[in-house]
Each structure stands twice: as structure tokens, then as C-alpha cells.
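Structure, as C-alpha cells:
The numbers here are math on the coordinates, done by the rules we state, and not lab data. Everything quoted here is computed from the prediction, not taken from an experiment. Quick reminder, even Gly has a Cβ in these numbers, built from the backbone with ideal geometry, and neighbours come from all protein chains shown.
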Amino acid sequence: MAKLPSTPALRALRKAEVPFEIHSYDYVPRGGSSASSAALGVDEHTVIKTLVFEDGDRRPLIVLMHGDRSVSAKALARTLGVKSVKPCDPAIAQRHSGYQVGGTSPFGLRKRLAIYAERSIVALERIYINGGARGLLVSLAPSELVRVLAPTLVEVAR
């Protein structure tokens, strides 16, 4: 029997007793959600990206977004009541999250960060989200994501 992978994200999911399935695939550098959805044969809309942003005061935050959509930084800043937000530099994102870019999960973060999720994610039947390593997604019910992470639901997709 193959050894199950262990990442901070998978340990956090197991500790929270979240029912999930592990899906591994061959990681494609800069392939993003289109590569992972194609490799797994799932709709890119159900693949949820974990994006690390920072506000104008350089405070980090996580945004969970559909794979086939992007974040409107202007709408996010307006929603947060700040002047501006932008994606974090990859090295800074890694320091905040504890994960390598391309393998960032909202579960098992190195630091406690504010988490925002596109509202329409919770309406999906099942989502695929990073399990804490490149080439590793987990599928779970969006209700479990809400239960464990308690994200603030926003409408910032474009």
C-alpha cells in the first residue's frame, strides 16, 4: 500500500476530521489551475486557488478563488475598506504561508491569516483545493472549508 503524503494541510484536515480525498498529478510549473484541472479531469471552476495578497500596509491575507476566475484587486480593496491590495511577492507569500508557491493551501498555514473566499465557492457540490504541496489537491465539500476556516465570503471575482 502506498504511503499517504503528510503536509501541514493534510494534518490540519485530519485533525479537524474533514472527510477528503487526495488527488496527485504531475505538477506543471506555471500551469496553475488549468493544468491541475486538466490532469485530474475536473472542471477548472471547481479547482480553488489559494492566493496570498497584501494590503497597502503589507498585511498578508488569503483569497480563495475559482480556478477559471481572477481576483479584482480594486473590488477586494473596496470590500476590505483599504486603499489597495496586491498579490504578494512569491518569497514573501512563502514566508507568510509556509508553503511553496504552487503548493499553497489555506489549511495548516504557518501564521494565522485572514481568509476571504469568493461567495460562489460555497454553492459548489465539491471543490478541489491544494493539499500543501505542488501536484497535490484534495477534494472536499465546501461546507467543510467553511466549518474549518470560517472565511469571510466576498464577491471579488472577475
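General remarks:
- Förster-model FRET efficiency, 30 Å R0, Glu21 and Arg59, C-beta, rounded to 0.05: 0.35
- Whole-Hz ³J(HN,Hα) from phi, Karplus 6.51 cos²θ - 1.76 cosθ + 1.60, for region 139-148, glycine and proline x: 10, 7, 6, x, 4, 6, 4, 5, 4, 7
- Taken along the Cα-to-beta-carbon direction at a fixed 7 Å, the label points for Thr79 and Val122 span 1.2 nm.
- Partner lysines for Lys15 [C-alpha distance under 23 Å; skip if fewer than 8 residues away on the same chain]: Lys3, Lys49, Lys111
- Only the Cβ atoms of Lys and Arg (+1) and of Asp and Glu (-1) were treated as charged; on that basis the dipole of region 8-154 about its Cα centre amounts to roughly 620 debye.
- Amide hydrogen neighbours beyond the local backbone of Ala114, cut-off 5 Å, H modeled: Ile62
- Note on Asp89 and Val28: with the Förster distance fixed at 30 Å, the Cβ-Cβ geometry gives a FRET efficiency of about 0.90.
- Dipole of the chain, positive end: most advanced residue of Tyr25, Pro5, Ala77 [Cβ charges, Cα centre]: Ala77
- Annotation: peptides 10-16, 135-141, ranked by per-residue average of other Cβ atoms within 10 Å with the highest first, follow the order 135-141, 10-16.
- Candidate aspartates and glutamates - alpha carbon under 16 Å from Lys86, same-chain residues fewer than 8 apart omitted: Glu54, Asp55, Asp57
- Net length gained if the chain between Leu113 and Asp68 were fully extended (0.36 nm per residue, minus Cα distance): 13.8 nm
- Taking percent of Cα pairs over 24 Å apart as calculated from this structure, the corresponding entry among (i) 53; (ii) 27; (iii) 61 is (ii).
- Seen from Val18, the other residues with C-beta closer than 14 Å to its C-beta sum to a net charge of +2, counting Lys and Arg as +1 and Asp and Glu as -1.
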